[in-house]
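What follows is a single structure, written as structure tokens, with notes after it.
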Amino acid sequence: MPDILVLVDHDGGTPKKISNQILTAARHHGGGEVHAAVLGEGAGAAAERLGAYGVSKAFVWDSPDADAYATEPRTAALLAALQQSGAPILLYPADPFISDVVARAAIRAGAGVVTDASDLALDGTTMVATKAIFGGEMASRCHVKGDRPQFIGVKANAFTAEETGGAPPEVVALDVTLDERSKRARVVDVVEQGGGGRPEMTEAAIIVAGGRGLGDAEGFRLIEQLADTLGAAVGASRAATDAGWYPHQHQIGQTGKTVAPQLYIGAGISGAIQHRAGMQTSQTIVAINKDAEAPIFSIADFGVVGDLHKVIPPLVEEIAKRK
Ligand SMILES: Cc1cc2nc3c(=O)[nH]c(=O)nc-3n(C[C@H](O)[C@H](O)[C@H](O)COP(=O)(O)OP(=O)(O)OC[C@H]3O[C@@H](n4cnc5c(N)ncnc54)[C@H](O)[C@@H]3O)c2cc1C
């Protein structure tokens with residue numbers, strides 16, 4: 001049974017939900033040991049927590065250089081982790097920045113890459129990844145052919161994170177030497193994207209999303225009010241982001257983010273197949289739409305047929321009262 005190396009994403013010492021999900025998938029769908037590559041400042045602290053998700057060995061590069069330059073230093077560190085781990089399979093979070101690092105590492109390691117997996121199955125020593133295509137209407141199974149490293153990107157919320165309660169892993173500090181080439185693109189400034197202090201969509205337990213039915217960008221103030229009352233993240237349909245009413249990184253769907261919160265509330269969103277592809281595995285779906293025939297109602301657990309401008313303000317008031 002092959003060992004699996006998971007590239008763990010973390011917030012300066014705390015592994016992200018997506019990493020715990022992928023580690024759980026590696027445990028269930030692997031068979032050998034689960035190793036972790038943990039890079040960047042706080043990596044040491046993050047690694048300590050990974051035994052709880054079944055990691056036996058963590059390859060750590062806890063260095064400010066990881067964040068001082070663009071992707072090259074992390075690429076070098078990932079290659080070092082792959083070499084020391086010896087695992088033939090790498091699972092990584094399907095996130096744009098991480099994908100940039102992994103793509104560079106794949107070229108240098110001669111690996112094959114499958115992106116955006118929503119399920120995994122081991123066939124001998126080959127990891128077979130399931131990908132949703134045509135807006136989630138069909139599934140395609142893909143694997144890396146030949147005797148080469150297999151790199152597989154896993155979508156957020158494709159798996160549920162389950163703790164094993166294991167002891168902290170053996171930590172191996174990576175010795176990464178950076179050449180001048182790795183330092184050509186230096187990070188000179190970091191600007192936090194305005195999220196109003198709200199949680200990140202793929203990590204949030206509750207998401208309130210808005211669509212074209214909001215009428216204009218100002219309509220998102222209503223969505224934000226409801227989100228803030230619930231401590232939720234804000235999402236949007238593509239119609240809303242394409243119209244410039246809300247930033248693109250909040251788009252949910254086939255060409256946006258995949259989310260699976262405990263509670264998804266969609267207002268003024270019709271529920272087109274491409275939107276549903278990104279949210280239909282949410283645990284509880286609430287739809288607010290003035291059209292009783294809107295497709296979103298076919299997957300909603302609770303529906304309110306009505307004008308969102310009349311439904312949301314009293315809802316915000318009532319929730320605030322009960323808090
Ligand atoms: C290749 C491809 C990829 C795509 N990827 C995505 C994607 O990732 N994510 C995504 O979201 N879309 C995606 N789309 C677009 C998708 O097909 C839809 O066009 C889009 O989701 C529609 O957004 P919407 O529901 O906000 O708008 P509409 O479909 O216009 O729906 C607006 C809804 O608001 C309701 N409404 C109007 N006024 C009110 C009111 N006052 N109160 C209550 N309800 C009201 C209407 O009844 C209607 O149901 C993609 C399309 C293609 C072709």
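The values are calculated or read from the model by the stated rules, or taken from the named source; none is laboratory data. Predicted model only: the values in this text are computed from it and were never measured. Cβ: placed from backbone, ideal geometry, glycine included. Neighbour counts: every protein chain shown.
For every residue, the table says whether it meets (1) in a loop (DSSP other than H, G, I, E, B); (2) not aliphatic (A, V, I, L, M).
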site: LEU122; (1), (2): no, no
site: VAL128; (1), (2): no, no
site: ALA139; (1), (2): no, no
site: GLY146; (1), (2): yes, yes
site: ALA156; (1), (2): yes, no
site: GLY165; (1), (2): yes, yes
site: PRO168; (1), (2): yes, yes
site: VAL171; (1), (2): no, no
site: VAL176; (1), (2): yes, no
| said: Take the conditions surrounded by 15 or more Cβ atoms within 10 Å (Cβ to Cβ), at pLDDT 95 or above, farther than 24 Å from ALA217 by Cα and within 15 Å of the ligand (Cβ to nearest atom) and apply them to ALA300. Does it pass? | reply: yes
| How many of the residues in the range 227-249 are of a type outside the set (Ser, Thr, Tyr) and either buried (at least 24 other Cβ atoms within 10 Å of the Cβ) or outside any helix (DSSP H, G or I) (or both)? | 12
| Subset of the range 239-260 that is more than 7 Å from the ligand (Cβ to nearest atom) and in contact with an Asp or Glu (Cβ under 9 Å, 6 or more places away or on another chain) - its residue that is nearest to ALA217 (Cα to Cα) | TRP245
| field | The lone exception for VAL102 - which of (1) outside any loop (DSSP other than H, G, I, E, B); (2) surrounded by fewer than 18 Cβ atoms within 10 Å (Cβ to Cβ) it fails | value | (2)
| task | Please work out which residue is nearest to the ligand (Cβ to nearest atom), limiting yourself to the range 271-287 and to residues that are surrounded by 20 or more Cβ atoms within 10 Å (Cβ to Cβ) and not β-branched (Val, Ile, Thr). | result | HIS275
| query | Given the structure, is GLU218 within 16 Å of the ligand (Cβ to nearest atom) and over 26 Å from SER118 (Cα atoms)? | reply | yes
